[in-house]
Amino acid sequence: MTSDNLRDRDRIEELLGVGGPAAVRARRFAVVLCIAVFAVACSQSPAGDRPAARRADGDGGRKILRIAYEREIDVLNALTSQNLVDIHFSMAEGLVTTDENNNYIPVLAREIPTEDNGLIERRDDGTVDITWSLQEGVRWHDGQPFTSRDVCFTWGFVTSEGSQTYNRDQYLGIIDCRMPDEHTAVFTWDDEYGYYAGLFEVILPAHVLDGMSTDQIVNYTPYNRGAETPGTGPFRFAEWKSGEYIRVVRNEDYWRGADYPAIDEIVWTFIPDSNTRLNSMKARQFDYARLEPVHADEVKDLEGYELHLVSSNTFMHLDLSVNDERGRTLFGDRDVRRAIFHAIDRPAIAEQLMQGTVTVAHTPLNPTSPYHNPEVPTYDFDPELSRRLLDAAGWIPGADGIRQKDGERFAFVMLNRAGTADRLAIAQVAQAQLKAVGIEVVFETLESAAWSQRWRGGNWEAMVSGWFLPADPSLTNIYSCDGSNNMTGMCNVELDEVLLRSDRALGFSARKPLLDEAQVLLAETAHSLPIYYNVVPELVSRRVKGYRGSGTNFGSFWNLYAWDIIE
Amino acid sequence: MTAYLSRRLLQTVPLLFGISIVLFAVIQAAPGGPEASLLETGRFIDPEVIEAYRQRLGVDQPIPVQYLRWLSAVLVGDLGVSFSTTRPVVEMIAERLPATLILMGSAFVLAAVVAAFLGIAGAVRPHTALDHAGTTLSFVGLAMPVFWFALILQLVFAVRLGWLPVAGTQTVGDTSFGDRLLHLVLPAVVLSFRYIAGWSRYLRASLASELRADYIRTARAKGLPERTVVGVHAVRNALIPVVSIMALNLADLFSGAVITETVFAWPGIGRMFVQAMFSRDYPLLMGILLLGSTMVVVFNLVADVVYGALDPRIRYE
């Protein structure tokens with residue numbers, strides 16, 4: 001395997017050897033040439049003088065949506081794929097999706113069950129029946145009817161051992177799935193679960209996969225690769241060229257009616273390098289691309305395109321671990337954690353580091369979510385307060401300016417993940433600002449897989465990290481004492497109780513006050529400092545209509561059926 | 001010669017076996033496992049799902065056990081199934097190989113032609129403008145970071161001038177040869193640079209010293225035209241060191257170029273290798289690395305055979 005480096009370089013230089021006058025002149029030539037090439041690259045060509053996009057002109061009146069997509073997906077089975085989103089959702093549909101405001105809206109379900117519409121029924125034995133009435137007249141891409149059997153089959157698959165569905169644990173509360181008729185599925189839950197409406201992002205086709213073991217389904221290539229991958233969605237699978245693109249074409253038989261979808265074909269071209277995506281957009285070869293925040297300025301005025309800064313459910317945060325003895329020594333005292341939070345200037349991070357594209361976060365839930373609580377305690381940048389809190393906690397500056405207590409220096413390791421420039425930059429700011437209050441931060445940077453291992457193993461002290469929250473606002477998983485994704489080891493009994501209650505509350509009005517309280521308690525307990533909500537710059541051609549953008553786990557393509565291309 | 005060849009081929013078997021052990025150990029030594037790709041998106045993951053995933057892939061077993069499992073499958077011609085795509089490794093490699101061969105092959109041919117021209121011109125007429133231009137080109141090729149050079153060429157030829165596509169192998173929907181050729185230009189040029197630089201310098205140096213040899217003076221003395229002296233007598237001998245370096249480079253044909261393929265969204269082996277590395281897709285990694293090692297061994301053998309053809313004094317028994 002070569003790394004494109006000139007491994008023969010030394011030998012070649014040896015051969016060049018002398019480095020005589022010719023070599024000197026050659027070097028001069030090289031410098032001049034480099035400057036010339038660079039000058040052409042950077043020169044601003046007058047607006048409107050840019051060449052027309054190099055597109056295949058053979059569209060023949062067909063509306064083709066071209067997307068520069070950042071990675072190739074692994075498998076088309078949405079429930080075993082490690083990157084379920086976007087491409088899957090163009091072909092497969094679930095009971096629900098979410099709009100750009102984190103609201104669940106029905107897709108294959110006719111409505112979302114609530115207590116008000118009578119589709120949720122508590123039974124005497126403590127179990128809860130939740131009835132999903134399904135759209136009628138829906139057919140899979142191969143012509144088979146979509147029925148309640150598919151829904152119950154999907155439940156059976158997800159909950160089976162080894163199904164590999166990332167949120168399998170959330171489905172385990174369902175103990176039975178009944179089919180009173182073809183268009184009704186009834187789940188019996190063993191208790192009340194607030195997140196019942198966010199599951200079943202995708203329904204699997206029972207007529208293709210029934211009769212196989214879980215392991216066989218996970219490994220079933222015809223379904224994973226497109227040969228037998230019927231969905232119910234607006235587009236059907238057409239072609240997957242490994243390493244290049246996936247092409248989907250209009251589903252002529254779409255259940256929403258003959259007007260949908262308006263687009264004839266979508267080509268998802270895989271372009272892993274973000275700079276190449278940027279160049280491709282500038283050359284007008286695509287209608288849509290997700291870019292990096294650093295590119296935002298460069299394309300905000302690109303003619304024919306509109307830049308959308310989509311606020312994502314991913315929130316950046318600084319975590320302090322109390323998993324081990326040393327973590328508890330340093331971060332066990334809440335006032336000390338608060339002191340650390342007050343020492344970090346988050347508005348500066350948002351304004352300067354992220355060029356004002358992001359908003360500072362005070363709670364994990366994005367303001368786009370109806371569950372967002374704007375009234376939580378905040379940690380304003382106040383180094384003086386920070387120093388006072390640390391003094392009061394007994395951490396006194398030593399000879400080297402670093403605070404000490406009982407012979408222990410206040411120094412800790414920030415574990416960084418290589419290749420995440422934004423997180424690294426935040427960590428650097430935190431490092432400098434903590435130094436100013438007498439706390440030493442040293443960096444350890446690991447490659448992604450190695451980082452994950454350390455992170456999950458709890459073998460770290462502090463890190464800047466990002467959670468991608470689903471549209472459902474349950475925070476129990478990450479902040480309750482026994483939460484399966486509680487990485488910091490935090491445990492606040494009061495918060496725990498509220499979180500668990502919020503999970504057991506059915507419906508918005510019951511859940512909202514509990515989650516509001518949970519967000520306040522979470523801020524007060526100060527184990528994790530929210531920094532900002534990630535922003536995803538999405539560059540979309542002005543020809544594209546119907547795009548609304550969304551930072552939820554269903555992404556911006558949730559309403560693809562309603563998109564259109566108008567010249 | 002046949003005896004020599006079969007002996008050499010037989011030697012490759014234990015060699016590759018040894019290589020496979022080293023590769024397996026190195027891959028496994030990298031911290032983290034294939035479950036990392038489950039965590040990439042930052043979603044909450046059911047920890048039991050992670051455990052079940054590791055179990056299904058067999059990476060919860062001790063490393064020697066994993067190696068023996070892998071080896072026993074390989075011995076019957078089965079390179080295993082990719083962790084992430086659940087498809088046979090052989091199939092995945094076979095799918096990506098043509099793109100890599102086309103890209104690397106074009107870069108090689110381009111580089112060979114340009115390098116031969118620059119090398120010979122530089123040796124025959126040293127310190128002329130052409131020689132300096134060649135030296136310049138070598139320096140530029142050597143000094144330029146590949147990703148940067150590639151992005152600059154994209155900016156100039158695709159974004160500013162609009163002559164060439166930015167990336168990919170074809171405009172989707174357009175199957176014409178011309179379209180494919182246009183897509184090939186930038187990545188092939190970027191890749192060829194690193195070979196042009198090396199090869200032309202080797203050839204220039206080697207040819208320059210051959211041209212000072214006694215037999216060249218003799219050839220000139222007996223009145224042979226300069227074309228024949230250089231083209232037939234000197235170049236042939238000068239090629240020997242060049243051939244060994246080219247043969248080693250030829251193994252790259254099958255392993256691809258990581259950065260160039262990534263920047264140009266080229267569906268080759270190199271890009272697949274990087275993806276496999278990040279997701280710790282052990283079977284796929286082993287497959288690609290083993291292919292690469294085999295090719296290095298094979299092309300070394302080829303180089304030895306070519307020496308014999310170039311220089312009749314070299315004979316293998």
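Observations
- Taking a ≥ b ≥ c as the square roots of the eigenvalues of the Cα gyration tensor, the stretch A:327-469 is oblate, since a/c reaches 1.5 or more and a/b is not larger than b/c.
- Taking every alpha-carbon pair under 8 Å whose residues sit at least 6 apart, chain A reaches a relative contact order of 19 percent.
- Helical runs (DSSP H, four residues minimum) scored at -39500 (n - 2.57) apiece and divided by the length of chain A put the mean residue ellipticity at 222 nm at -8000 deg cm²/dmol.
- Rel. contact order, % - alpha carbon contacts under 8 angstrom, at least six apart, chain B: 26
- Shape of the stretch B:228-317, Cα gyration tensor, a/c cut at 1.5: oblate
- Relative contact order (percent, whole number), the stretch B:20-144, Cα cutoff 8 Å, 6+ residue spacing: 11
- Between helix B:282-310 and chain B: long-axis angle, C-alpha atoms, 0 to 90°, nearest 10: 20
- Relative to the Cα centre, the charge distribution of the protein assembly as shown, modelled as +1 at Lys and Arg Cβ and -1 at Asp and Glu Cβ, gives a dipole magnitude of about 5260 debye.
- Taking a ≥ b ≥ c as the square roots of the eigenvalues of the Cα gyration tensor, an a/c ratio of 1.5 or more together with a/b larger than b/c marks the protein assembly as shown as prolate.
- Listed cross-link partners A:K282/A:K545; A:K512/A:K545; A:K63/A:K241; A:K63/A:K282; A:K241/A:K545; A:K300/A:K435 are compared with a 31 Å cut-off, the Cα-Cα value being larger for A:K512/A:K545; A:K300/A:K435.
- With the simple model of a label 7 Å out from the Cα in the direction of the Cβ, B:A208 to A:D259 spans 7.7 nm.
- Between B:A25 and A:E161, the modelled label-to-label distance comes to 3.6 nm, taking each label 7 Å out from Cα in the direction of the beta carbon.
- Compared with the alpha-carbon gap, the fully stretched path from A:L302 to A:A421 is longer by 40.4 nm at 0.36 nm per residue.
- Theoretical FRET efficiency, 1/(1+(r/R0)^6), r = Cβ-Cβ of B:S176 and B:L310, R0 30 Å, to 0.05: 0.15
- Efficiency of FRET from Cβ geometry, A:E447 and A:A392, R₀ 60 Å, rounded to 0.05: 0.90
- With R₀ fixed at 60 Å, the C-beta to C-beta distance from A:D482 to A:A399 puts the FRET efficiency at about 0.90.
- Pairwise label distance in nanometres, A:F508 with A:Q431, each label 7 Å out on the Cα-Cβ vector: 4.5
Where a number appears in this text, it was derived from the coordinates with a stated rule and is not lab data. Treat the numbers as computed from the prediction; the structure is a model and nothing was measured. Quick reminder, even Gly has a Cβ in these numbers, built from the backbone with ideal geometry, and neighbours come from all protein chains shown.
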